[in-house]
Structures are given as structure tokens and as C-alpha cells.
Amino acid sequence: MSFKVAPCANLEEFGQAVFAIGQYFGMEPTEERMERFSRNLPIERMHAAREDGAIVGGAGAFPFELTVPGAIVPTAGVTVVGTFPTHRRRGVLRAMMRAQLDDVHARGEPLALLWASEDTIYGRFGYGMASVAAEVSVPKEHSAFARPLEREGKLRLVDADEALTLFPRVWDRVRRTTPGMLGRTRNWWEYRILFEPPGGGEEGPKRLVVLERNGRPEGYAIYRHRMKWEEGVSAGEVQVSEAVGLDGRPTAELWRYLLDIDWAAKITASLLPADHPLWWLLATPRRMRLRIGDGLWVRLVDVGAALSARAYAGDGAVVFDVSDDFCPWNAGTWRLANGRARRTTSSPHLRLDVSALGSVYLGGFTFSQLLRGGRIEELRRGAAARADATFATVRAPWCPEIF
Ligand SMILES: CC(C)(COP(=O)(O)OP(=O)(O)OC[C@H]1O[C@@H](n2cnc3c(N)ncnc32)[C@H](O)[C@@H]1OP(=O)(O)O)[C@@H](O)C(=O)NCCC(=O)NCCS
């Protein structure tokens, strides 16, 4: 069975296509919700799969600016991918991935990026696990810092309007140097980050705090209180949904604030980078109760353009023999030298699938790790380590939100 896949033409089609994933979330695609969602996901970037004219699946792609090592690159942020349960395992996803990646390629976006609901879905389409996300739960009694902290900033709870002017100033400074972070438009801030459904929803209101010094914002956090009492003693939680600060003292001050909030027995956060400063700030990092899972998945849609877009630590040449069954225009031998990737007839140093290039692209994993994991082949001794020196980055990729 082949399914016809085309971009949505109007809000009604958009709602039906989003409803494919909505089924699994138990979400109704009300007009109000779809109108809000379409402020960030342009209607024509939502593909719908049809059978006999009826929509049976949907896949969207946000037009993002993604920070990669040393550069900012237009990137398709793949989202709301779903097949109606009535049509599962009949090729709907495959047809949607085909149409979507062809569209991304035609638009000239060299990368596609996503969070996977399951780690078995996207490798076949050329995506590679590219970062890790750390979930932490810090017990209040083990939240002391290793070193005394000199406070210089002022903390202030703000409302959403003020957050809308202050938070982006911090985000923009941090995201420019942090691979994995995304540019955010005003609509993104307003309708995705700061939005609260009327009545506050089930989870309790978002609390918004800003850290300022000399009247300038240096950090902010968004969190919720989850109150609970057990035998008269508070067993509640402060759930941090986003805490972003400039490097050094501002980040430390922000976390000190969050860790010190009274009545919280623990402080939790779920999308931290592998190298988060809490490891070094806390006196007892072992007590963080850390769980690490896959984070971003990256696909090089145009291998030449993507490899040429990022910066490198060294100019050592690496020659790759790339296979790419799903996007065959990428397959072949590529030579990366002086920051430029070009097709070559030289003999390759490493043989790999395009998904492996996605895994190393942001600096979250190394060629040596993939070699040890049996995912790439070394055709010249020491080639993986030499490629690692070229691809080395100073910080782990971090994407503080699931989109
Ligand atoms: C995941 C989902 C979109 C798959 O859609 P589908 O239309 O059933 O997938 P297809 O029939 O096109 O399958 C394409 C290939 O992926 C494989 N596949 C699909 N879903 C898979 C899964 N969950 N785990 C492992 N493999 C999967 C199929 O076996 C098939 O393999 P093949 O090409 O080797 O034959 C669908 O199950 C779904 O909507 N799930 C719930 C929502 C969700 O998880 N969406 C992803 C959000 S990131």
C-alpha cells in the first residue's frame, strides 16, 4: 500500500494531521490549540499522509536555527510524528519520512533534528543519537555546594510579560555558544515556553525567576512546586523545567536558589547536559540520583553542506566512506579538510553510515566510541582518534527542551 503524503493546506488539515500523534497523547486538536501550535509550526511544514483521501498520519518540521560547534545552522526540527493506530506498520511513517526529508533537502536545510519517543524508530532513516539528556533528583539534605558561593546577583520573581522581555536576553547569549540549543522566536517564548492554559492546568503554575546583576539579566529559571506532605512533614518537589544562566557564578547562583527553596524535599530536572556544572558545584554529586538517556537525534540531510557548516578543533584531513540508503545523494567518499567537505577519489579512512556522522556532529559522542560500539569501521589505523581530534568540542551538546 502506498500512501499519498503532502503538506497541509489549511488549519483543518493541520489539526487532523497533528491528531495522529494526538491519539497517543490523549490530546484533542481543538481549533484554539491548533491555531496556537501553528504559530510556531508553519502549516505547510506539517505533512499529512492520506489513504483514499482520509488523513492517517502526520509529521511536522519546525524551521529552527540550531547552534552547532562554532556556527548556527538552519535545521528542520522534526516533531508531532504519528500514524493513526488503525494504520500502523503499513508504511505510513516511511512515506512521511520520505516526503519530509525530500522537502528539507529541497529547502536547503542541511540538518534535521528530533527527540525520539523510542530509540528504535529513526536510525533506519539516517538519524543518529547525538546527545544525552540527564535527569537528576537532588535530595535537599544533600544539596550543599562544595565551595562557598559569593552572591552578587539579585533574584526576582516575575510575571510572564516581564519574562518575555528578560529571559530571551539570557537565552540568546547562552545558546550562541552551546551546541544543541535553538533560536527562539517571540512566538516560541510566548506560546511554548511561558504559555499556561487558562486555569493553570493540572501541574500547577509555572514560577518564573530572574537573576540580575547591575540591572541586567544573567540567568532565569522556570519551575513548578509539587506539594506533598507525609505524616506532617513536607515531601514536596521543586520541578525545574528550565534553568539557564551565563557560565560561572550566575549558573551557580541560580541553582543555589532552586536547591534552597523551602518545603521541597527534592529538586528535580530532566533535560540537563552530560557536563552540567552541578557535577562540580555539589559537594556530593553522587547523591544527584542521575539517570542518563538519549537526547537529540541528528540527521545530516546534506552531508557536504552540514560538514562544511560547523567549526573544527583541528584542520587534520579525514576521508569518510559514507553510506546512506534513505538519502542516496549523500552516499560516497567525502574528504573533510580545513573545515570544508568535498567529494573525493582519495581512499577513505573511516567507513560509516550517515547516522554515525549525526552522532558525532554536535560533539556529544566520538568516533572512538562508535568504533568501540561496532558502529563504524576504521580503514586506517588510528583514523578514529585522529577524526576525534578534529571534531573535538569544548562543551557537551544541550537542548533544554523537547520540541
Ligand atoms: C512510530 C510510528 C510513527 C510508526 O509508524 P508506522 O506507520 O507504523 O511505521 P511504518 O509502517 O512506516 O514503519 C517503517 C519502519 O519502521 C519500523 N518501525 C515503526 N515503528 C517502530 C517502532 N516503534 N519500533 C521499531 N521499529 C519501528 C517498521 O517496522 C518499519 O521497518 P522496515 O522499514 O524495516 O519494514 C507509530 O507507531 C506511532 O504513531 N507511534 C506513536 C507515536 C510516536 O511514537 N511517534 C514518534 C514520535 S517521535
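The values are calculated or read from the model by the stated rules, or taken from the named source; none is laboratory data. What you are looking at is a predicted structure, and each value in this text was computed from that prediction instead of being measured. All Cβ positions, glycine included, derive from the backbone under ideal geometry; neighbour counts span all protein chains shown.
All of Glu65, Glu12, Glu28, Glu32 fail the test of being touching an Asp or Glu at 6+ places or on another chain (Cβ under 9 Å) and charged (D, E, K, R), apart from Glu12. Just a yes or no: is a residue in the range 26-37 modelled with pLDDT of 95 or more and in contact with a Ser or Thr (Cβ under 8 Å, 6 or more places away or on another chain)? Among the residues of the range 26-37, not one is modelled with pLDDT of 95 or more and in contact with a Ser or Thr (Cβ under 8 Å, 6 or more places away or on another chain), which makes the answer no.
Please work out which residue is farthest from Leu281 (Cα to Cα), limiting yourself to the range 129-153 and to residues that are of a type in the set (A, V, I, L, M) and in a strand (DSSP E or B). Only one residue fits best here, namely Met129. The conditions of being modelled with pLDDT of 95 or more and closer than 29 Å to Phe365 by Cα are met by Ala112.
Would you check which residues across the range 105-153 are more than 16 Å from the ligand (Cβ to nearest atom), of a type in the set (A, V, I, L, M) and under 20 Å from the mean Cα position of the chain (by Cα) and list them? Across the range 105-153, the qualifying residues are Leu111, Val132, Ala134, Val136. Taken across the range 47-58, residues that are away from the ligand (no atom under 16 Å from the Cβ) and either without any contact (Cβ under 8 Å) to a residue 12 or more places away in the chain or on the phi < 0 side of the Ramachandran plot (or both) do occur, with at least one present.
Can you name the residue in the range 9-27 that is farther than 14 Å from Val80 by Cβ and away from the ligand (no atom under 16 Å from the Cβ) and, of all such residues, is surrounded by the most Cβ atoms within 10 Å (Cβ to Cβ)? Ranking the candidates gives Leu11 first.
Considering the conditions (1) touching a Gly at 6+ places or on another chain (Cβ under 9 Å); (2) of a type in the set (Lys, Arg); (3) surrounded by fewer than 22 Cβ atoms within 10 Å (Cβ to Cβ), Arg286 is excluded by exactly one of them, (1). Selection of the range 89-104 for residues being within 6 Å of the ligand (Cβ to nearest atom), over 22 Å from the mean Cα position of the chain (by Cα) and either surrounded by 14 or more Cβ atoms within 10 Å (Cβ to Cβ) or among the acidic types (Asp, Glu) (or both) yields Arg90, Gly91, Val92, Arg94. Among the conditions (1) more than 12 Å from the ligand (Cβ to nearest atom); (2) within 26 Å of Val303 (Cβ to Cβ), Asn40 misses just one, which is (2). Within the option set Ala396, Ala384, Ala341, Ala392, being in contact with an Asp or Glu (Cβ under 8 Å, 6 or more places away or on another chain) and over 21 Å from Trp115 (Cβ atoms) holds for one residue only, Ala384.
So that you can scan it fast, the table gives a plain yes or no per residue for (1) within 16 Å of the ligand (Cβ to nearest atom); (2) surrounded by 15 or more Cβ atoms within 10 Å (Cβ to Cβ); (3) over 18 Å from the mean Cα position of the chain (by Cα):
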{"residue": "Arg173", "(1), (2), (3)": "no, yes, no"}
{"residue": "Trp188", "(1), (2), (3)": "no, yes, no"}
{"residue": "Gly204", "(1), (2), (3)": "no, no, yes"}
{"residue": "Leu208", "(1), (2), (3)": "no, yes, yes"}
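Does Thr86 satisfy the condition of being without any contact (Cβ under 8 Å) to a residue 40 or more places away in the chain and within 13 Å of the ligand (Cβ to nearest atom)? In short, yes. Of the candidates Gly316, Gly293, the single residue that is surrounded by fewer than 21 Cβ atoms within 10 Å (Cβ to Cβ), farther than 24 Å from Glu237 by Cα and touching a residue at least 12 places away in the same chain (Cβ under 8 Å) is Gly316.
Got at least one residue in the range 207-215 being in a helix (DSSP H, G or I), out of contact with any Ser or Thr (no Cβ under 7 Å at 6 or more places or on another chain) and more than 28 Å from Pro74 (Cα to Cα)? For the range 207-215, residues in a helix (DSSP H, G or I), out of contact with any Ser or Thr (no Cβ under 7 Å at 6 or more places or on another chain) and more than 28 Å from Pro74 (Cα to Cα): absent.
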